[in-house]
Amino acid sequence: MYIKNVMINIKKALLLLLLISIILLASCVEPVDFSEYEDVNFIIDQDFPTTGNDDGEQRWLEERAAEEVTDGVEYMIFEPVSETAAGSIVNLPADAAIYRLEIPNLVPNGDFEEDPLTSGWSEEGATAEITWDAATDPAVIEGRVLDYSHSASSLVKLDTSAFLLPDVQYSLRFDLKLSPGTDELDNMNFEYYYNLASETPAYSWSPVLLGYGNTVIIDFPVEVDKNAPAFTTTESGYFTIGWSVGNSGQEGYMDNLRMTRVDRTNTLFLDIPFSSPDRPDLLSGGTYTFSLYVKKEAADQVTPQVHNRFQAEGLTMGINTTASASYSGRNIDISAITASTWTKVSVSYSNSERVQIYTPADTSASIMTLSIVPTNWNSANDNTAGSILISSPELTWTYDS
């Protein structure tokens, strides 16, 4: 019995010694050295070019191959801007290239600043009337406005067939101010018709304006109708103020009428290869951070000084796998960003999210994509025309301990 106990104790001692040895051996394993990744900008050789977006194979693109523009319409503007036009280089890295990223307004003269009033507007019915008011008008919204009025069975209409494509989805945005003589209880009706002979509009927006009065500038649909849908066009279509089959009539002031295409990704892309001669290979795991310097346009670079260009109201940035069928991004709050100072903004994604890195057979192949959208792409009602200045993009990686 004694010998048996001794043997058991010896086995326990050997197991304990083995466990201690394993622990000591593990503690002697050197940790992976990630020092070569510290402060590395993975797109240092894919910065915004200083002389135009035409150098190198791996470059920033306004269109995806599946979305190449064949209709002659410019849905995204990515263009270099001088320091003078930018208005400020405060907080911007030295010698940085400055670019304008803009989703243009598809409505010609949507800010109503050009003289004469854009063709395409007309009255329908004996009592409909539209005028183009100068900036001295007491009800002005910004610069010049569209002053409209009509009574029952009359309307004001805009023929959209000249600038909107058929079978395409668009967003709608405009500023509205009630006429001093308008009762805020009156219905305000805005429609999109495939055919004015139809008694039923394809889309109808009737914001409830109770409580706004006639001194408030109303941002439609953001302030009054968060559920306002995008609309889909036909071969011939009309945006109307009023109903074609009768209403109580209405009068007011419209400005900054904006329509943008939303059935496509109005996005600036950059595809990133797994390997590049000037930096370490991309790593699986960890967290990738995409950062960018941004600044709002100077006042003399947007409406009413520059016709039909608007300040961007949002920004969306994303990191995705190149092979992904869809692209996600995160809205960046730019409400506190000004036109006088550059601000660095960023988004971060871990490997457990949408950034799953692998080693491709061809290490020069692109496996990651960065994206920038000068609007809140994730919000249908906030998705609108707008322009913002961008500079000095960076992509960095950190180890998740």
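Answer with yes or no whether T338 is part of a loop (DSSP other than H, G, I, E, B) and either modelled with pLDDT of 95 or more or surrounded by fewer than 17 Cβ atoms within 10 Å (Cβ to Cβ) (or both).
So T338 passes the test.
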Exercise. Of the residues that make up region 152-160, is at least one at pLDDT below 80, surrounded by 14 or more Cβ atoms within 10 Å (Cβ to Cβ), of a type in the set (V, I, T) and not in a loop (DSSP other than H, G, I, E, B)?
Worked result: no
Per the filter on region 341-359, residues at pLDDT 85 or above and part of a loop (DSSP other than H, G, I, E, B) are T341, W342
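Restricting the search to region 380-401, which residues are under 18 Å from M76 (Cα atoms) and surrounded by fewer than 20 Cβ atoms within 10 Å (Cβ to Cβ)?
If the condition is that a residue be under 18 Å from M76 (Cα atoms) and surrounded by fewer than 20 Cβ atoms within 10 Å (Cβ to Cβ), then A380, D382 are the ones that fit.
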Considering region 366-379, residues that are in contact with an Asp or Glu (Cβ under 8 Å, 6 or more places away or on another chain) and in a loop (DSSP other than H, G, I, E, B), and then whichever is surrounded by the most Cβ atoms within 10 Å (Cβ to Cβ), we arrive at P374
Scanning region 260-302 residue by residue, those in a loop (DSSP other than H, G, I, E, B), at pLDDT 90 or above and among the polar types (S, T, N, Q) turn out to be S275
Expected output for region 315-332 (first residue farther than 12 Å from T267 by Cα and part of a strand (DSSP E or B), partner of a type outside the set (S, T, N, Q) and at pLDDT below 90, Cβ below 6 Å, 6+ apart or cross-chain) is I319/Y349; I319/V355; N320/Y327; N320/R354
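The values are calculated or read from the model by the stated rules, or taken from the named source; none is laboratory data. Note that this is a predicted model, so its numbers are computed, not measured. Virtual Cβ from ideal backbone geometry, glycine too; neighbours counted across all protein chains shown.
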